[in-house]
Every structure is written in structure tokens, then in C-alpha cells.
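Please read the structure below before turning to the comments.
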Amino acid sequence: MSEGFQFKQFYVRHDRCAMKVGTDGVLLGAWTPVPNHPSPFRVLDIGTGSGLIALMLAQRCPSARIDAIDIDVEAVAQAQENFRHSPWSDHLAAYHSCLQDWSISDHQSPITNPKTYSLIVSNPPYFRNSLKNPDKGREQARHTDSLSYEELIARSADLLATDGQLALILPAETEKEICQLAQAQSLALTRITRVFSKVSKPARRVLLCFAKLPTTSHQSPILEDSLVLEDDHGGRSDAYRLLAQDFYL
């Protein structure tokens, strides 16, 4: 098994992580709408694993301060290693913490409004009511026992700045549930992309972006589209290549 994955501007080791570098992380890192801020802002990556998504966002937003958290101590150590060897080591930090216990006030930085995040991203655990994996680390990374969808949405809403955004990648069948949970936390859906492995198959993943809007604002129209990952020959589709062109070699 490969110990890592080479991208255009950084290398990700993942030999100590339960979940390896994969398509879901690349999709979220490349797709996530990023704040259009000229000044520094904060980002939180929940369940960072190897740190892939945090590194992709650091490449896209070099002025952002990115906090990455994970409940797997080995994954955190690996993310810290990957961050140190990246071009953005001064802007990235990985911490051993669950989202439920995470307190941004314990990790202050000289960035404006340090108590909230302009962007939160997560490729969260998604298996429920299914056979558990005997590998404890892989089980934590894949199952929602340690972080339910309800906790993920509610805690993210608490940590978001006004006008902040929450971006997620999840199984397609959870779309309705997640949107209902977000609405209950006053998070408005702003963008959705349904991901298909092939044209002939049902959607396998959904990319969702929610905004924390002021109560006096009007919701903008929802941007809705789809993405097919494979072409007729089993290679990356033109749309997928275009999305990830700044990262894949």
C-alpha cells in the first residue's frame, strides 16, 4: 500500500491514518466555496485525517488560518507531519479533539474575530446501523457513533461567524435529512452538487454548502448541479479533471 499521495503543490502521507486519501476528500477540497476575503480568516476542518482537505484549502486560500481536528491521535500526528512539510506550515494547525469538546477560545490567533470561523468543512463519518470494522481507528473514521449528523450541524452552527459557510460531502441518501437539520439551525442551503460515478448509476455522494445568514437578509437562489466522475472509458471525466486541475498531477 502506498504511504502517500503526491499532489501538484504538496505531498500527503497517510500510512498512519485509518482513512486514506480518496476521491471524497479531493472533491470537497476542490469544490468548497471559499470566502472572498482580502483579509485573513479562519477555517475549521472537522475529522481531518491526513489533513488533505485542510492542505487543499490552504493552497486555495494562502492567507487563511486553518484549524484541523480529529479524534484519532495517530491521524492528528500524521496531519501535523503533512502540514510541517507543506508550503503553508505557518497557517495550518492540527489538534487532537472531538468536535463536541472543541473550543476555539483555547487556540487564539492574531486573526480578526478569533471566536468564530468563516468556513467549516467536513468529510464526516457516515455509516450508521452497519457492521462495525474490527479496526477501531477505521471504525471511528467511518461510523457516526462518535459524531452524529445532529451534533455536526448544531455544533458547526455555533462555531460559524455571521455569513460563515459550512461545506460537507455525504452519501446522497442523506441529503434530505441534512438539509432539515441545517434548516433547524438557521443554516440556509446555498449550493448543492450531486455526484455520480457514472451517468448510468444513481448519485453516490452529495456536496452541500450552507450559509449562516443574518435574520434580516434574503436567501439567494440555490446553485444546483451535478458532477459525473468517470467518462465512457473509465477515466476521469472532463468535469472532474477541471474541478481538480490545480491539485492532481
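The values are calculated or read from the model by the stated rules, or taken from the named source; none is laboratory data. Values in this document were obtained by computation on a predicted structure and should not be read as measured data. A quick note on method: Cβ atoms are made from the backbone with ideal geometry, for glycine too, and the neighbour counts reach across all protein chains shown. What goes into the accessible areas is simple: the full protein's heavy atoms, side chains included, and nothing from ligands, DNA or RNA. Shrake-Rupley method; radii C 1.70, N 1.55, O 1.52, S 1.80 Å.
Within segment 227-245, can one find any residue that is closer than 19 Å to Ile169 by Cβ, under 16 Å from the mean Cα position of the chain (by Cα) and touching a residue at least 24 places away in the same chain (Cβ under 8 Å)?
Checked against the condition, which is being closer than 19 Å to Ile169 by Cβ, under 16 Å from the mean Cα position of the chain (by Cα) and touching a residue at least 24 places away in the same chain (Cβ under 8 Å), segment 227-245 yields at least one hit.
Tally up the residues in segment 186-217 that are open to solvent by 40 Å² or more (accessible area, probe 1.4 Å) and not charged (D, E, K, R), please.
Final tally of qualifying residues: 10.
Of all residues in segment 144-178, which are β-branched (Val, Ile, Thr) and within 22 Å of Leu57 (Cα to Cα)?
Matches in segment 144-178: Ile153, Thr162, Ile169.
Would you pick out the residues in segment 78-94 that are surrounded by fewer than 23 Cβ atoms within 10 Å (Cβ to Cβ), touching a strand residue (DSSP E or B) at 6+ places or on another chain (Cβ under 8 Å) and in a helix (DSSP H, G or I)?
Once the filter is applied, which keeps residues that are surrounded by fewer than 23 Cβ atoms within 10 Å (Cβ to Cβ), touching a strand residue (DSSP E or B) at 6+ places or on another chain (Cβ under 8 Å) and in a helix (DSSP H, G or I), segment 78-94 yields Gln80, Glu81, His91.
Among the candidates Phe196, Phe210, which residue alone is out of contact with any Cys (no Cβ under 9 Å at 6 or more places or on another chain) and at pLDDT 95 or above?
Phe196 is the lone residue from the list that is out of contact with any Cys (no Cβ under 9 Å at 6 or more places or on another chain) and at pLDDT 95 or above.
Give me the pairs: first residue in segment 160-185 and within 21 Å of Leu44 (Cα to Cα) and open to solvent by 40 Å² or more (accessible area, probe 1.4 Å), second residue in a strand (DSSP E or B) and of a type in the set (Lys, Arg), beta-carbon distance under 7 Å, and six or more apart or on different chains, which are they?
Close Cβ pairs satisfying both conditions: Thr162/Lys212; Asp163/Lys212.
Against the definition (farther than 21 Å from Ala182 by Cα and open to solvent by less than 80 Å² (accessible area, probe 1.4 Å)), how does Leu229 come out, yes or no?
Criteria met by Leu229.
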